[in-house]
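Asker: Take this structure first; my questions come after.
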Amino acid sequence: MTEKKEKTGKRISKADLKSVLGGTILASEKVTKQLPFVIFIAFLGIGLITNRYWTEKTIRKIDMVRDSLKEYKAESVIHETQLMYINRPSEVTKKVIERKIDLVEPLEPAKKIIIKKTTAK
């Protein structure tokens, strides 16, 4: 009995193959009933492919922004270091002497001025 099922299974698959290759399967009622579902599945597949493409494009943009951010941070550190070097009192004194500006370095340290508040009545 199992041999008959196997033989009929092979015959059915040959008939299905002929109907697929011949194009008669597209005209069958079973296929036309399932056509909206097939279109829905195709639409979902296209949506998934589009979503994947958009996600990869966004990830590439994020990586580019991260790389440029690293470069800007490095430049910021370089400029900050240069600014700290230029603002040292010895460097300021050298610049004043080079430009022959009539400024004199104070000999006394700066003093804090304290003003006492008076209450007005």
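Asker: Looking at the range 66-113, which of its residues are part of a loop (DSSP other than H, G, I, E, B) and either touching a residue at least 60 places away in the same chain (Cβ under 8 Å) or aliphatic (A, V, I, L, M) (or both)?
Answerer: Pass one, the range 66-113, residues part of a loop (DSSP other than H, G, I, E, B): 87-88, 99-113.
Ile101, Leu103, Val104, Leu107, Ala110, Ile113 - these are the residues of the range 66-113 that are part of a loop (DSSP other than H, G, I, E, B) and either touching a residue at least 60 places away in the same chain (Cβ under 8 Å) or aliphatic (A, V, I, L, M) (or both).
Asker: Among the residues of the range 31-51, is any in a helix (DSSP H, G or I), basic (Lys, Arg) and farther than 28 Å from Asp16 by Cα?
Answerer: Of the range 31-51, the ones in a helix (DSSP H, G or I) are 31-51.
Remaining after also requiring basic (Lys, Arg): 33.
Now restrict to residues that are farther than 28 Å from Asp16 by Cα: none.
Within the range 31-51, none of the residues are in a helix (DSSP H, G or I), basic (Lys, Arg) and farther than 28 Å from Asp16 by Cα.
Asker: May I pose another question? Looking at Thr81, is it surrounded by 10 or more Cβ atoms within 10 Å (Cβ to Cβ) and more than 30 Å from Glu98 (Cβ to Cβ)?
Answerer: On the way: surrounded by 10 or more Cβ atoms within 10 Å (Cβ to Cβ): yes; more than 30 Å from Glu98 (Cβ to Cβ): no.
Here the answer is no, as Thr81 does not meet what is asked.
Bear in mind these aren't lab numbers, they're just calculated from the coordinates by the rules spelled out. Values in this document were obtained by computation on a predicted structure and should not be read as measured data. Every residue, glycine among them, receives a Cβ derived from its backbone with ideal geometry; neighbour counts consider all protein chains shown.
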